[in-house]
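Chemist: The structure under discussion is supplied below as structure tokens; questions concerning it will follow.
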Number of protein chains: 4
Amino acid sequence: MTGNIIGERFVVVSFGESHGKCVGAVIDGCPAGLELSEADIQSELDLRRPGVSRVASPRAEEDRVEILSGIFEGRTTGSPICMLVWNRDIDSEPYRMFVNRPRPGHADYVARVKYGGFADWRGSGRFSGRITAGLVMAGAVAKKLLSKTLGVEIMAYALEIGGIRAKNFTLDDIRSKRYNNEVRCPDEAAANEMIKRINEVKEQGDSLGGIVECQVLGLPVGLGEPIFSALDSDLSKALFAIPAVKGVEFGAGFAAARLLGSQNNDPYTIVDGKVVTVTNNAGGVLGGISTGMPLVVRVAFKPPSSIAKKQTTVDLSSMKETEIEVKGRHDPTVVPRAVPVVEAVVAIVLADHAIRAALIPPVLRG
Amino acid sequence: MTGNIIGERFVVVSFGESHGKCVGAVIDGCPAGLELSEADIQSELDLRRPGVSRVASPRAEEDRVEILSGIFEGRTTGSPICMLVWNRDIDSEPYRMFVNRPRPGHADYVARVKYGGFADWRGSGRFSGRITAGLVMAGAVAKKLLSKTLGVEIMAYALEIGGIRAKNFTLDDIRSKRYNNEVRCPDEAAANEMIKRINEVKEQGDSLGGIVECQVLGLPVGLGEPIFSALDSDLSKALFAIPAVKGVEFGAGFAAARLLGSQNNDPYTIVDGKVVTVTNNAGGVLGGISTGMPLVVRVAFKPPSSIAKKQTTVDLSSMKETEIEVKGRHDPTVVPRAVPVVEAVVAIVLADHAIRAALIPPVLRG
Amino acid sequence: MTGNIIGERFVVVSFGESHGKCVGAVIDGCPAGLELSEADIQSELDLRRPGVSRVASPRAEEDRVEILSGIFEGRTTGSPICMLVWNRDIDSEPYRMFVNRPRPGHADYVARVKYGGFADWRGSGRFSGRITAGLVMAGAVAKKLLSKTLGVEIMAYALEIGGIRAKNFTLDDIRSKRYNNEVRCPDEAAANEMIKRINEVKEQGDSLGGIVECQVLGLPVGLGEPIFSALDSDLSKALFAIPAVKGVEFGAGFAAARLLGSQNNDPYTIVDGKVVTVTNNAGGVLGGISTGMPLVVRVAFKPPSSIAKKQTTVDLSSMKETEIEVKGRHDPTVVPRAVPVVEAVVAIVLADHAIRAALIPPVLRG
Amino acid sequence: MTGNIIGERFVVVSFGESHGKCVGAVIDGCPAGLELSEADIQSELDLRRPGVSRVASPRAEEDRVEILSGIFEGRTTGSPICMLVWNRDIDSEPYRMFVNRPRPGHADYVARVKYGGFADWRGSGRFSGRITAGLVMAGAVAKKLLSKTLGVEIMAYALEIGGIRAKNFTLDDIRSKRYNNEVRCPDEAAANEMIKRINEVKEQGDSLGGIVECQVLGLPVGLGEPIFSALDSDLSKALFAIPAVKGVEFGAGFAAARLLGSQNNDPYTIVDGKVVTVTNNAGGVLGGISTGMPLVVRVAFKPPSSIAKKQTTVDLSSMKETEIEVKGRHDPTVVPRAVPVVEAVVAIVLADHAIRAALIPPVLRG
């Protein structure tokens, strides 16, 4: 299979460019009979909209999803669902200067080499964060499918931005408060600090990285196909497809490397007649298979590469060093807008694995 | 595709169980004309052997690779290469008691649920670390292929064990010293501390986690197929297939989340007429495509779940809490033995992507 | 992978319904640098248009292809190419009566069972011949790619309609005359008979089957990946995806079953310093690999299931036998319109295999 | 995916060479809990053994299947099932002369070009009919799975050999008589004629083609994933992987091309409260989906290419025409031995599609 297609039974195909006609996705393999409207998708799409969060890029996009196929009388038919958002006319000229002067941290240079200079450079083309709109659309379908059939709840949020980490929050806080602030953080005090830090850095023409954490509740035991299609394998594969991701960890993650086995092992116990673990250092996955405990995954985002500060690069025509400034209004951090993207990507992988494990049937009846 | 198969053009199929007849792998898609002998594979396999490292489990295995197909007159033919190591007779009885009392941290419970009680529990069956022998065999072929065609060099080593981190080492140290000590660490002082710490913990009947770092030199620009088959996507997918992995990061990784854009962006410059970056926070991958700089990936391993200490679990027949001790001689840390496994897995993914990018041809001539 | 996606390296995704918003396709994996315009695709699409051939259904569609992504400055970029034709408003009401009274020979009943009654039944939904517009669009790209890089020429034509078989024609006739008549037959005398027979049968409210033959010239030795991705395997798989196909054969095909080995074996000889075969009973494929001789494949099409004559079916609400007449104006035979579809499907598979065999590079330079 | 792997959820990997160490297959995705022994596989394997049928090649092979993995306590575990038969020492020298003088009708020449001269030529290597032993082993598992879970019955038989066609036989004849004669034909009179014809042709040093028909009973409605993974698409793909196959047709097949729609359409009716068709020209598949009627597929086999008669070929070192005789004792027709192979291949595809359609669960309980 080629690179713009993911999944085995719930398959997502991504297409579109930042400054082309549209950005979209096709889902093949969605079970028939799921109630689905454009509103279901629009609500998710609105969460990644730049205008929504004041700390994000103020570029006004009005992304209205359009479903082109696969829905009939308000339900999925079992046929491919093609969805897209049309791009508005945008001035691509500011990007022309980077064709020969690749922006540090961006894919300009590697894309040029890999695609022999034929890649669409307007607005970063296929490497733009805008491509994630397709992921969010597909993820909205996956989320609804998982919710309706298995009662699965997927919640991502800003855990850390610019070194400021959310510490005091409960599951209820995540549920009710994460979208109360512009950074999508369930800990309001931390959120305020994050916003302050973002504004400082923005003024300096710089940018901040951060960590998105995602918890999934209600997942049954048994998703994942070891060894190579382990649940953590496929989740990490999909998460690294999000631009700017540099690390993925489950449960205790990198911290597990510093624990003793006796600390890290999660003892089993019985609660309400069900086998559960007392702790959840595993993050809901053991041997590549979901344990029935909450899935906990953390995703590290690097600071956005587009910064106003002067940077050193090379001029590819003269093969000499030069300097550039990336003007325009850019996100000082991707974390808040990445929150719904992480949820979407997690949902896509879980929907695929739930179908593979026959936990979701090909037709939803009743 | 199903879970025991990975890759698109250099495909690896894993089979075998810990206490079954054998553990093996099939490679489909290896280019024709590569010189390959059992010795090429044996040398890699010997590195993951438990007996090699005194700090590892002393169970004496004599894993002799046997190539069953795909080689003719000392070269690959373009046909599937089936390779295996035969298992020796091993007493599986000690594992019987865990069938109803799942070991914390192991896949016992999830495997039982997923496979309806039919999974082979002897020696952890498919979830045993022994399965990685198949990965190492396939990886040996991938390494040789990458080395012969592109001059790619893949070097993994223990970066951290039990919180002790290697700090002072050069690329030359990695090359020449990592196999000089039992923990496969290029920093000898750190290695000594690690060994001391391992021995302490072993006496306490406990275990240690750690971090394996892998560097790949000589990789051209252009491997990786965004967005979903990004190079980091596919590498992380494969790395999470290794038992006990809980986190994967590239370049600055999770630390990038705390950097400013101006710190994290790698400026371009020209060295010897080639475009390179001054720093390598990207870890050799941007936009999902190899940059031509060294690939740097870190893999977090949890402490082995098999510990001598008493642990709490449940008895699945009575559905009551109970206690178990996992007797026998187990690895106090998987890190040293994981080093060749990480190299193998990285090699498998890179070989696949090099073929996909037409950087390695279907037939090696001359 | 799921059912609406085909290929490994040149991948085609089909979407859309007969009476939905549109019918389209996404290509992922098309090499970068191929000159491509909507006109390139439109010319192929026009050939399958119903209005073009008087013997075909007179329903006036004006299918204008719209390319949504993957093209920049007149060339492919290496990114997914999404293309579609918008559907015009069509009255779907006539199809409602078949929801409970499945039409013999159509997929109405199986679709209802498989998709639990959720399938889009308007105009046969996903089972309409209109879906082949997506194949033709994707095939147009594949044809141009094969032609530009390898000089491959793909020509299909009506070999037989209603038992009348074309007999007297040369390769030049195929090239120059097949589109001179409404049935796309290179033998004009046979074409006239076919047309006469079609008109007779049409008046009787009946329909005719036929055979499309496709020849491919200029194919190098070496396409095909035995054993399962043999060239004939993948071609037949794709050809059976065309509605109404009931048989596929290569070279001597079913007639080979009645030949002696000494008759059927194609002796090798040297022509112009090249190894060729004197005869071509193999039809250009041996052991699943292209031989360098012309590829010859024949595809049997059943007579269209939509006929004006009264037919017996069952009423699924009462579970009793009933009768239906399928009104409207339908194609009395699909053969003429299937000609460009067969070419397209063959091109898609050949492009995929040419890339797999590294005969077409990922970037077309110069 | 690469060429030696087929299927999506019930995946078969083929490996081994004619004169290498072994021929085998790995199944990944077989549901857990299926009772399975070597005897189940051996009985199928014995049917394709050359010694069994006097009209076939008398080369005495004693193919004993060995299961290397995936079975525990007499049942499948859900893990990969690796199976093989070891090759006996065979003299490969007679094949050396064809390295530079490719045998007409064989893959010698295309393999040489495709694999750059590195292909294993001993006994035709990967292109030998012996490779089908792996298919039969995998098919035996698929057949048992289909039989146990869905009661599916798969029966292939010689329909035609050397132009002599079986005409008078019932379903009961197929069940009880097809293995009563050496040609596996349910019509005894035809069988006798076929045997006579085979013996004639054998004496002349020539060979015969034929047609294998396969019927599948008990298949539910709903297998198949249009448009590209249509049931007929995937069956034909797999059938063309069998050496010597030149055509595949379903139901009326090529004859449908000569029928009127009113003749070819299968009217629906109700029998025992079930929707069935009066006729079965569709051969059990409509729109790429199984109809619940018997699946009927016919496979055309060319006459074996190895004939004793003198043949013209070229000497690749001198690039001049030359003559060869293919000595040794070869099958005068592959049809009888192909019968169990066709059953196996059909079973593999149906098992895959039954799992995909969730008609067979991942775990067989009770």
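Chemist: List pairs: first in the range A:219-232 and among the hydroxyl-bearing types (Ser, Thr, Tyr), second modelled with pLDDT of 95 or more and in a loop (DSSP other than H, G, I, E, B), Cβ under 8 Å, 6+ apart or cross-chain?
Modeler: Matching pairs, first to second residue: A:Ser229/A:Glu8; A:Ser229/A:Gly288; A:Ser229/B:Thr2; A:Ser229/B:Gly3.
Listed here are the residues, each with its yes/no results for (1) hydroxyl-bearing (Ser, Thr, Tyr); (2) crowded, with 24+ Cβ neighbours inside 10 Å; (3) in contact with a strand residue (DSSP E or B) (Cβ under 6 Å, 6 or more places away or on another chain).
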position: D:Val285; (1), (2), (3): no, yes, yes
position: D:Lys310; (1), (2), (3): no, no, yes
position: D:Ser318; (1), (2), (3): yes, no, no
position: D:Leu364; (1), (2), (3): no, no, no
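Chemist: For the range A:20-31, state whether one or more residues are of a type in the set (Asp, Glu), touching a residue at least 24 places away in the same chain (Cβ under 8 Å) and over 29 Å from D:Pro226 (Cα atoms).
Modeler: No, every residue in the range A:20-31 fails to be of a type in the set (Asp, Glu), touching a residue at least 24 places away in the same chain (Cβ under 8 Å) and over 29 Å from D:Pro226 (Cα atoms).
Chemist: Shifting gears a bit: If you take the residues in the range B:353-362 that are part of a helix (DSSP H, G or I) and more than 12 Å from chain D (Cβ to nearest Cβ), which one is surrounded by the most Cβ atoms within 10 Å (Cβ to Cβ)? Working first, answer last.
Modeler: Going through the range B:353-362, the residues part of a helix (DSSP H, G or I) turn out to be B:353-356.
Now narrow it down to the ones that are more than 12 Å from chain D (Cβ to nearest Cβ): B:353-354.
Details: B:His353: 28, B:Ala354: 25.
Top of the filtered list is B:His353.
Chemist: Anything in the range A:1-10 that is under 16 Å from the mean Cα position of the chain (by Cα), in contact (Cβ under 8 Å) with a residue 12 or more places away in the chain and facing another protein chain (nearest Cβ under 7 Å)? List them, or say none.
Modeler: A:Ile6
Each row is one residue, and each column tells you yes or no for (1) crowded, with 24+ Cβ neighbours inside 10 Å; (2) at positive phi; (3) not in a loop (DSSP other than H, G, I, E, B).
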position	(1), (2), (3)
B:Gly3	yes, no, no
B:Glu8	no, no, no
B:Ser14	yes, no, yes
B:His19	no, no, no
B:Val23	yes, no, yes
B:Cys30	yes, no, no
B:Asp40	no, no, yes
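Chemist: Anything in the range D:169-180 that is assigned to a helix (DSSP H, G or I) and either of a type in the set (Val, Ile, Thr) or surrounded by fewer than 17 Cβ atoms within 10 Å (Cβ to Cβ) (or both)? List them, or say none. I'd like the intermediate steps shown before the answer.
Modeler: First, pick out the residues of the range D:169-180 that are assigned to a helix (DSSP H, G or I): D:171-177.
D:Leu171, D:Asp172, D:Ile174, D:Arg175, D:Ser176 - these are the residues of the range D:169-180 that are assigned to a helix (DSSP H, G or I) and either of a type in the set (Val, Ile, Thr) or surrounded by fewer than 17 Cβ atoms within 10 Å (Cβ to Cβ) (or both).
Chemist: While we're looking at this one, here's another question. For the range B:254-265, which residues satisfy the criterion of being buried (at least 24 other Cβ atoms within 10 Å of the Cβ) and in contact (Cβ under 8 Å) with a residue 12 or more places away in the chain?
Modeler: B:Ala256, B:Asn264, B:Asn265
Chemist: Within the range B:86-117, can you find the residues that are in contact with a Ser or Thr (Cβ under 9 Å, 6 or more places away or on another chain), among the charged types (D, E, K, R) and within 14 Å of B:Glu325 (Cα to Cα)?
Modeler: If the condition is that a residue be in contact with a Ser or Thr (Cβ under 9 Å, 6 or more places away or on another chain), among the charged types (D, E, K, R) and within 14 Å of B:Glu325 (Cα to Cα), then B:Arg101, B:Arg103 are the ones that fit.
Chemist: Assuming A:Gly117 fulfils every condition listed in (1) surrounded by fewer than 24 Cβ atoms within 10 Å (Cβ to Cβ); (2) within 20 Å of the chain's Cα centre (by Cα) apart from one, which condition is it?
Modeler: (2)
Chemist: Please go through (1) more than 8 Å from chain C (Cβ to nearest Cβ); (2) more than 26 Å from D:Leu135 (Cβ to Cβ); (3) in contact with a Ser or Thr (Cβ under 9 Å, 6 or more places away or on another chain) for D:Val221 and return the number of the only condition it doesn't satisfy.
Modeler: Among (1) more than 8 Å from chain C (Cβ to nearest Cβ); (2) more than 26 Å from D:Leu135 (Cβ to Cβ); (3) in contact with a Ser or Thr (Cβ under 9 Å, 6 or more places away or on another chain), D:Val221 violates only (1).
Chemist: Next question. In this structure, does B:Arg126 turn out to be in contact with an Asp or Glu (Cβ under 9 Å, 6 or more places away or on another chain), of a type in the set (Lys, Arg) and touching a residue at least 40 places away in the same chain (Cβ under 8 Å)?
Modeler: Spelling it out, B:Arg126 is indeed in contact with an Asp or Glu (Cβ under 9 Å, 6 or more places away or on another chain), of a type in the set (Lys, Arg) and touching a residue at least 40 places away in the same chain (Cβ under 8 Å).
Chemist: Within the range A:221-236, can you find the residues that are in a loop (DSSP other than H, G, I, E, B) and in contact with a Leu (Cβ under 6 Å, 6 or more places away or on another chain)?
Modeler: A:Leu223, A:Gly224
Chemist: Give B:Ala140, B:Ala166, B:Ala191 a once-over and let me know the one that is without any contact (Cβ under 8 Å) to a residue 60 or more places away in the chain and touching a helix residue (DSSP H, G or I) at 6+ places or on another chain (Cβ under 6 Å).
Modeler: B:Ala166 is the lone residue from the list that is without any contact (Cβ under 8 Å) to a residue 60 or more places away in the chain and touching a helix residue (DSSP H, G or I) at 6+ places or on another chain (Cβ under 6 Å).
Chemist: Tell me, please, whether a residue that is under 15 Å from the mean Cα position of the chain (by Cα) and touching a residue at least 12 places away in the same chain (Cβ under 8 Å) can be found in the range B:287-296.
Modeler: yes
Chemist: Further, regarding this structure: Taking helices (runs of 4 or more DSSP H) that do not extend beyond the range D:57-168, which have at least 2 residues that are more than 14 Å from chain C (Cβ to nearest Cβ)?
Modeler: Where helices (runs of 4 or more DSSP H) fall fully within the range D:57-168 and carry at least 2 residues being more than 14 Å from chain C (Cβ to nearest Cβ), they are D:93-96, D:132-150.
Chemist: How many residues does the range B:194-210 contain that are surrounded by fewer than 24 Cβ atoms within 10 Å (Cβ to Cβ) and touching a residue at least 60 places away in the same chain (Cβ under 8 Å)?
Modeler: Counting residues in the range B:194-210 that are surrounded by fewer than 24 Cβ atoms within 10 Å (Cβ to Cβ) and touching a residue at least 60 places away in the same chain (Cβ under 8 Å) gives 7.
The values are calculated or read from the model by the stated rules, or taken from the named source; none is laboratory data. All values reported here derive from a predicted model rather than from experimental measurement. Ideal geometry is used to build each Cβ from the backbone, glycine not excepted, and the neighbour counts take in all protein chains shown.
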